[in-house]
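> A single structure is presented below for examination.
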Amino acid sequence: MADDDRPVLVTGGTGTLGRALVHTLLDAGRPVRVLSRRDRTPAVPDEVQWQVGDLLTGEGLPQALAGVSVVIHCASNPRKPDEDLDAAVQLMLACRAANVPHLVYISIVGVDAVPFGYYQVKRRVEEIVEDGGIPWSILRATQFHDFVATLLGALAKGPVALVPRGLRDQPVDVREVAARLATLAASGPAGRVEDLGGPQVLTVDELMRTYLAAKGRHARVWSFPALGPLKRFRDGGHLAPEHATGRLTFAEWLQH
């Protein structure tokens with residue numbers, strides 16, 4: 001598919017993963033189209049085709065999907081997760097109408113194991129994709145380095161850095177996830193593919209100390225019981241140690 005001159009449509013192309021994916025596809029010589037609710041900005045590479053539209057209403061979807069080789073669905077709203085369901089239904093209906101040959105969806109490791117609301121919505125979106133009548137591929141990845149660093153920064157705002165006791169994570173570089181998605185897009189429908197996990201499973205305490213060292217801070221680290229939604233991650237259902245195929249460690253990412 002390297003010589004395919006049909007565009008790859010990326011939803012969520014302005015997000016952390018979407019931006020990395022757009023650049024990965026362009027570097028591979030693939031034509032890229034982005035669907036966004038916002039107008040184009042000067043930061044968008046000139047080569048990118050831009051389509052303003054709305055996944056919740058379906059506005060702009062026929063134009064965005066016209067003549068594409070594959071759709072990579074990265075758009076998501078963790079603050080309003082139920083909107084992900086409406087968006088997925090609209091997208092699948094529009095893909096069927098446009099005879100889209102392949103849809104790739106990025107999900108999260110543990111959506112079928114962790115009883116957390118956003119994860120449960122992601123699993124339901126997987127089911128919408130699986131039953132949507134379009135050939136599909138689904139990749140689950142662990143948490144991005146960027147996301148973990150943002151959480152740690154919020155927990156370390158004061159003179160004491162707080163960490164939930166007993167939790168672990170397996171952060172992965174978003175560019176490695178983008179590279180895997182680009183490969184899936186070029187390879188054709190594959191169903192559920194192997195999970196993509198970061199290279200290390202670390203306790204949140206270890207991650208916090210690594211974060212503080214990289215920032216040159218010497219704050220004391222205090223642990224607290226994992227309560228509320230956090231306790232749902234204590235069993236490690238969001239980890240994929242058997243798929244620790246990512247290469248860039250959290251410590252290395254912090255030095256970039």
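> What are the residues in segment 68-110 that are at negative phi and among the polar types (S, T, N, Q), if any?
Scanning segment 68-110 gives Ser69, Ser76, Asn77, Gln90, Ser107.
> Give the residue, chosen from Ala226, Ala161, Ala214, that is modelled with pLDDT of 95 or more and either surrounded by fewer than 21 Cβ atoms within 10 Å (Cβ to Cβ) or closer than 30 Å to Ile134 by Cβ (or both).
Ala214
> If Thr210 satisfies every condition in (1) of a type in the set (Val, Ile, Thr); (2) closer than 16 Å to Trp253 by Cα; (3) touching a strand residue (DSSP E or B) at 6+ places or on another chain (Cβ under 7 Å) but one, which is the exception?
Condition not satisfied by Thr210: (3).
Residue-wise test of (1) over 23 Å from Leu230 (Cα atoms); (2) in contact (Cβ under 8 Å) with a residue 12 or more places away in the chain; (3) buried (at least 21 other Cβ atoms within 10 Å of the Cβ); (4) of a type in the set (Lys, Arg).
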position: Ala113; (1), (2), (3), (4): no, yes, no, no
position: Arg124; (1), (2), (3), (4): no, yes, no, yes
position: Asp131; (1), (2), (3), (4): yes, no, no, no
position: Trp136; (1), (2), (3), (4): yes, yes, yes, no
position: Phe147; (1), (2), (3), (4): no, yes, no, no
position: Ala156; (1), (2), (3), (4): no, yes, no, no
position: Gly166; (1), (2), (3), (4): no, yes, no, no
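> Could you list all residues from segment 8-37 that are out of contact with any Leu (no Cβ under 9 Å at 6 or more places or on another chain), among the polar types (S, T, N, Q) and not in a loop (DSSP other than H, G, I, E, B)?
Thr16, Ser36
> For segment 191-215, what are the residues that are within 18 Å of the chain's Cα centre (by Cα) and in a loop (DSSP other than H, G, I, E, B)?
Val193, Glu194, Asp195, Gly197, Gly198, Pro199
> Shifting gears a bit: Based on what the data block shows, is Leu181 part of a helix (DSSP H, G or I) and free of Cβ contacts under 8 Å to residues at least 12 places away in the same chain?
no
> Filter segment 3-45 down to residues that are among the small types (Gly, Ala, Ser) and touching a residue at least 24 places away in the same chain (Cβ under 8 Å) and give me whichever is nearest to Ala87 (Cα to Cα).
Gly12
The values are calculated or read from the model by the stated rules, or taken from the named source; none is laboratory data. Being a predicted model, the structure only gives us computed values, none of them experimental. Backbone-built Cβ (ideal geometry, glycine too); neighbour counts: all protein chains shown.
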